[in-house]
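What follows is a short report on a single structure.
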Amino acid sequence: MAQKQILTPGLVQMVSVLALNRIELREMINQEVTANPVLEELPDDAPTPEELSQKTDAEPPIGPPADAEVHAGENHDSFQEIDFGSFFDDYLDPGYKSPASEVAEKPSFENFLSKPSSLADHLEWQLNLSLCSDAIHEAGVSIIGNLNEDGYLTASLEELASTGGHAPEDVERALKLIQEFDPLGVGARDLRECLLLQLRVLAPDNTLAPRIVSDHLKQLENKQYKEIARALDRPLQSVERCVDLIRKLDPRPGQRYNNAQPNLIEPDVAIVKTSDGYRVVVNEDGLPQLRLSKHYRRMMESGDATRDVRNYVKERFTSAIQLIRNIEQRKQTIIKVCEAIVRRQIDFLDQGIDALKPMMIKDVAEEVGVHPSTVSRAVAHKYAHTPQGVFELRYFFSEAVQGPSGGATSLVNLKRLVKKMIEEENSAQPLTDEQITTRLREQGICVTRRTVAKYREDMRIPSTHQRRVKT
């Protein structure tokens, strides 16, 4: 019998890379180039791949590498499983650039200032697009309101149930739902639970790492790895591999969404109209193009280096290849998600905001073949340049309300209708929420007065009494 462990550190990096927008990705690549001598950035004036070679090999596989299994055997060298010949061909010179990035007539990308969404905004957006009962939704709102900046739940479930008037079972179900959201680990009540939530997604087949976190967290913090190995009756090497994985987890998952300063944003993709429809183009302008160092390749091939040097270079090559693959995986995931958005929002692209259709995260995830949290991660903090303007990718996702003739109207358009009615009202006799509800029903949109009041408050529109202007 052989024990197998998935190469989860690479998966952890892939999840992190996917969540980055292009500005953050550029900064991360620059840091990796500085830290890893095997990685090189292709000079701006370097010849293109077409100028150096007419090679048209197929694109490298997008999924996890075929060598992404590490066996626990003492003498096993996972590095030998990597086909460096093919990797060098793909990534060495003149810099890796996938065929999908070669697109003519890309639009000019501009810089914008945007107020970043908070952790609560990001979670409420996912909650609104989740299929759950009203009771669970309300309990979820209470839970989100009791998360601190790190993403931890600061109130007990009993307190949430009693103060919010929720059934205890609804609070428990709402917490389980939120703990499946992005960012991984959100909704935990302590560090132990936060790490376990992340391990459940990133390393589902790893049974040792959760045991270390559950039963030996204090020893883990004190770096008492030998004591942990002895207590669990496992080889020290296996424990150290799990420790390396645990170190890559995020103990404060909410912090990324709590930047109070406006962010400089650049569209990550362009949705370009062509003669055949629409095409998704990833904005790679300004992103460093990476390649592997020929100097270190020659060092590996010569056999003159010492064993320690060879082992170090092997480790750096493995890390570099994983990074290049994860960057490409990020690109392809964003393209697939955006293509699914385009297929569902053709009317919006042709006609504008009034034609925006309801669209759920779960539906796009099923079409692309990924987990819903992956879609959430792929669209978070990313913007698209479209024929109708620049929009955050999250904007295209909206729950449905009962619309005209039994059809569905997006929540975005419902809010716009409410706002328009209020803007056109007589300020001396402003519309009440009940009157707005009646007008919407006359248009075939079935909502309750309470729903209208909630949406009005979401848009920070004052009440009828506060809007009345005395003459």
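The values are calculated or read from the model by the stated rules, or taken from the named source; none is laboratory data. Note that the coordinates shown come from a computational prediction; the quantities given were computed from them, not determined experimentally. No Cβ is skipped: glycine too gets one built from the backbone with ideal geometry, and neighbour counts run over all protein chains shown. Just so you know, the surface numbers come from the protein's heavy atoms only, side chains and all, with ligands and any DNA or RNA stripped out. Shrake-Rupley method; radii C 1.70, N 1.55, O 1.52, S 1.80 Å.
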*For the range 327-341, in order, what is each residue's ³J(HN,Hα) by Karplus, 6.51 cos²θ - 1.76 cosθ + 1.60 with θ = phi - 60°, in whole Hz (x at glycine and Pro)?*
5, 5, 4, 4, 4, 5, 5, 4, 4, 5, 5, 5, 5, 5, 4
*At 0.36 nm per residue, minus the direct Cα-Cα distance, what do Gln31 and His137 gain on full extension? Give it in nm, one decimal, please.*
34.1 nm
_Estimated translational D of the range 331-471 in µm²/s (Stokes, Kirkwood radius over Cα pairs; 20 °C; 1.002 mPa s)_ = 129 µm²/s
*asked:* Modelling each spin label as a point 7 Å along the Cα-to-Cβ direction, I'd like the Gln255/Arg279 distance in nm, to one decimal.
replied: 4.2 nm
*Would you grab the residues whose amide H sits under 5 Å from the one on Thr386? Only those 5+ places off in sequence or on another chain, please, with H modelled 1.01 Å from N.*
Ile271, Phe391
*Convex hull of the range 166-223 built on C-alpha atoms - directionally averaged projected area, nm²*: 4.7 nm²
*Computed over the range 303-366, Cα set: Rg, Dmax in Å*: 21.7, 68
*asked:* Can you give the local net charge around Trp125? Use residues other than it whose beta-carbon is closer than 11 angstrom to its beta-carbon, Lys and Arg +1, Asp and Glu -1.
replied: -4
_Local net charge near Ala155, Cβ-Cβ under 14 Å (Lys/Arg +1, Asp/Glu -1)_ = -3
*What does the convex hull of the Cα atoms come to per residue for the range 222-308, in Å³?*
310 Å³
*For the range 146-217 versus the range 302-318, the gap between their alpha-carbon centres in whole angstrom*: 42 Å
_Order of exposure, largest accessible area first, which applies to Arg449, Arg22 with probe 1.4 Å_ = Arg449, Arg22
*In whole Å, largest first, what are the principal axis extents of the Cα atoms in the range 264-337?*
57, 30, 20
_Taking 20 Å as the cut-off for C-alpha to C-alpha distance, list the pairs among Lys176/Lys248; Lys218/Lys248; Lys273/Lys420 that go past it._
Lys176/Lys248; Lys273/Lys420
